[in-house]
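J.: To start, I am sharing the structure in question, which I have written as structure tokens.
What follows draws every value from the coordinates through simple rules; no lab data is involved. Computed from a predicted model, the values in this text were never measured in an experiment. Reconstructed Cβ throughout: ideal geometry from the backbone, glycine too, with neighbour counts over all protein chains shown.
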Amino acid sequence: MRREKSMSEQVSLREKFYGCIAGVHIGSAMGAPVEGWDFERTEATYGILDKLVSYEHFNNGWVREAGTTEDGVERQKLMISAIIEKQDRVTAEDVRRQWLLKIKPESAGMISEPFEAVLLAMAKSGIPARDIGKYCDYAGLNSMSRSCHPIGLINAGDIENAINDVNEVGQLYQTSNGRGLKWAAVTASAIAAATKPNATVDSVIGAIYNYCDPDVVVKEIDRELGRTQHISDIRELRKALHESYSIRGIPYEVSYANEVVTKALCIFKMVNANVKEALITAINMGRDTDCITAVAAGISGALSGTSSIPEEWIKQVDYATSLHVVSNSHRTMKEHAEGLYQAYHSRLIRLKAYSEQMAAI
């Protein structure tokens with residue numbers, strides 16, 4: 001695949017923030033119409049799907065405008081709102097407050113998963129925010145790993161605190177030290193690493209190897225990266241990954257975090273962080289396409305920005321968001337990214353002031 005921008009070109013931090021958020025939101029919207037499909041069905045319907053199309057979920061009669069994002073982006077919007085309000089890193093309590101302020105009652109069955117209604121009820125009960133995830137039956141799902149990109153961004157360059165904050169905020173959705181959060185740490189650490197000056201695809205993957213769980217996470221990632229390292233074709237990649245990930249017959253069978261994140265990293269590596277190519281590759285993988293694409297394109301965008309993304313895709317997703325009656329936020333992708341960037345800048349100013357104050361003693 002032809003790369004559209006040399007990796008040697010410097011991408012500004014502000015542009016990396018925008019690339020990350022745009023990659024996630026466009027990826028969610030592009031992957032949602034074929035979510036849960038085997039790749040053979042996608043092939044029979046579209047050939048190689050390479051555009052935004054309308055779709056319907058939950059059989060509730062809502063035919064969604066092409067470019068409409070999915071439940072994972074709604075989770076992410078709440079984290080973004082909490083970060084923008086605080087202008088700093090956030091806790092589970094900070095994000096829980098956004099749940100109570102912004103989640104619309106009618107979103108259950110329209111945009112959110114059924115188990116999220118239970119978690120919201122627990123949030124309203126007043127129990128500690130860190131205890132809420134204990135009431136989710138699906139500790140290994142990608143609930144956090146496909147939506148925690150803002151945690152990586154507010155901790156840009158700070159991999160250890162990105163992981164710490166995933167483990168803190170993630171307890172809204174899953175149990176502490178569970179597999180779901182170990183895999184979410186991969187997404188957040190990859191984004192924190194990608195935002196560093198002179199970061200590369202290899203340095204991002206190296207950060208995952210250095211900071212994430214060696215037994216639960218790194219061993220599996222290393223196996224699949226090794227198996228797919230010489231592949232450069234969408235159809236060949238999805239066939240190879242299907243050999244490792246094809247389970248059916250259990251709840252949320254396609255949406256476990258280890259599968260989604262590992263596939264996303266194989267795509268990130270194959271396309272060399274080109275966001276457009278990550279989007280098209282991931283939506284044609286089959287199974288949990290919106291989540292795979294959100295992770296693959298989000299990490300890619302955090303490294304390379306938005307230069308490869310067609311402007312019409314950005315406009316269409318922003319337009320669909322403006323029509324989204326149960327969304328937690330109607331900000332454009334650029335507004336989300338700019339809000340996060342300004343919060344990060346505020347954090348840096350405080351850190352600099354603290355450093356100068358203490359250095360003077």
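J.: Kindly list the number of the only condition in (1) more than 25 Å from Lys334 (Cα to Cα); (2) surrounded by fewer than 23 Cβ atoms within 10 Å (Cβ to Cβ); (3) of a type in the set (Ser, Thr, Tyr); (4) in contact (Cβ under 8 Å) with a residue 40 or more places away in the chain that fails for Tyr173.
T.: (2)
J.: Further question on the same structure: Just the residues that are among the basic types (Lys, Arg) and touching a residue at least 12 places away in the same chain (Cβ under 8 Å), please, taken from segment 332-361.
T.: Passing the criteria: Lys334, Arg347, Arg350.
J.: Would it be correct to say that Gly226 is of a type outside the set (A, V, I, L, M), farther than 21 Å from Val186 by Cβ and over 22 Å from the mean Cα position of the chain (by Cα)?
T.: no
J.: In segment 122-167, which residues are farther than 16 Å from Arg96 by Cβ and over 19 Å from the mean Cα position of the chain (by Cα)?
T.: Asp137
J.: Which residue is surrounded by the fewest Cβ atoms within 10 Å (Cβ to Cβ), if the candidates are limited to segment 262-287 and must be over 12 Å from Gly31 (Cβ atoms) and not hydrophobic (A, V, I, L, M, F, W, C)?
T.: Here the residue is Asn272.
J.: Specify which of the listed residues (Ala320, Ala302) is touching a residue at least 40 places away in the same chain (Cβ under 8 Å) and crowded, with 23+ Cβ neighbours inside 10 Å.
T.: Result of the check over Ala320, Ala302: Ala302.
J.: Can you name every residue in segment 103-159 that is more than 23 Å from Ala297 (Cβ to Cβ), of a type in the set (Val, Ile, Thr) and assigned to a loop (DSSP other than H, G, I, E, B)?
T.: Scanning segment 103-159 gives Ile103, Ile127.
J.: Can you name the residue in segment 187-225 that is of a type in the set (Ser, Thr, Tyr) and assigned to a loop (DSSP other than H, G, I, E, B) and is also surrounded by the fewest Cβ atoms within 10 Å (Cβ to Cβ) among such residues?
T.: Restricting to residues being of a type in the set (Ser, Thr, Tyr) and assigned to a loop (DSSP other than H, G, I, E, B), the top hit is Thr200.
J.: State all residues of segment 226-242 that are more than 13 Å from Arg287 (Cα to Cα) and either surrounded by fewer than 17 Cβ atoms within 10 Å (Cβ to Cβ) or among the hydroxyl-bearing types (Ser, Thr, Tyr) (or both); if no residue qualifies, say none.
T.: Once the filter is applied, which keeps residues that are more than 13 Å from Arg287 (Cα to Cα) and either surrounded by fewer than 17 Cβ atoms within 10 Å (Cβ to Cβ) or among the hydroxyl-bearing types (Ser, Thr, Tyr) (or both), segment 226-242 yields Gly226, Arg227, Thr228, Gln229, His230, Ser232, Asp233, Arg235, Glu236, Ala240.
J.: Does at least one position in segment 271-280 carry a residue that is polar (S, T, N, Q), at negative phi and out of contact with any Ser or Thr (no Cβ under 6 Å at 6 or more places or on another chain)?
T.: Scanning segment 271-280, I find no residue that is polar (S, T, N, Q), at negative phi and out of contact with any Ser or Thr (no Cβ under 6 Å at 6 or more places or on another chain), so the answer is no.
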